[in-house]
Amino acid sequence: MPDSRLPNDAAQQLFEVRIAPDGWVFSAALNQSVLQAALAAGVEMDSSCRNGTCRTCLCRLEQGEVAYAMAWPGVSAEERAEGWFLPCVAQPRSDLVVVQPMAWPIPTP
Ligand code: FES
């Protein structure tokens, strides 16, 4: 979900996302969700609604900072404090290390 409040040059800023434990690494733009960036890089992660409500994509953020494009994503303040986040609606604000053991490469045709 692009954030239209960002100037174009800021929206182009890229961060490195590393998926643990498998070690996939890809870039994510400031205005791109972590899930969107993963899919664009050929890495699939569990997801369903992709709007921050179902919690299917819930996983741990081991390192880095994210921001949410919505006021109340489906993760509580306590869960956030414990490192849980929703990659379908979380946008990077630094390089990230995401713990998602169930990520898998998208098969190429
Ligand atoms: S896919 Fe539903 S909350 Fe992320």
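What follows draws every value from the coordinates through simple rules; no lab data is involved. Since we're looking at a predicted model, the values are computed, not measured. Methodologically, a virtual Cβ is constructed for each residue, glycine included, from the backbone with ideal geometry; neighbour enumeration extends over all protein chains shown.
Here is how the numbers come out for the structure above:
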| read-out | value |
| --- | --- |
| GluC sites (Glu not before Pro) within the stretch 33-109, DSSP loop, no more than 16 other Cβ atoms inside 10 Å | 65, 82 |
| Cα gyration tensor shape for the stretch 16-102, rounded if a/c is under 1.5, else prolate or oblate | rounded |
| Of all DSSP beta bridges in the stretch 16-102, antiparallel share, percent nearest 5 | 75 percent |
| Contour excess over end-to-end distance, with Cα ends at residue 84 and residue 99 and 0.36 nm allotted per residue | 4.4 nm |
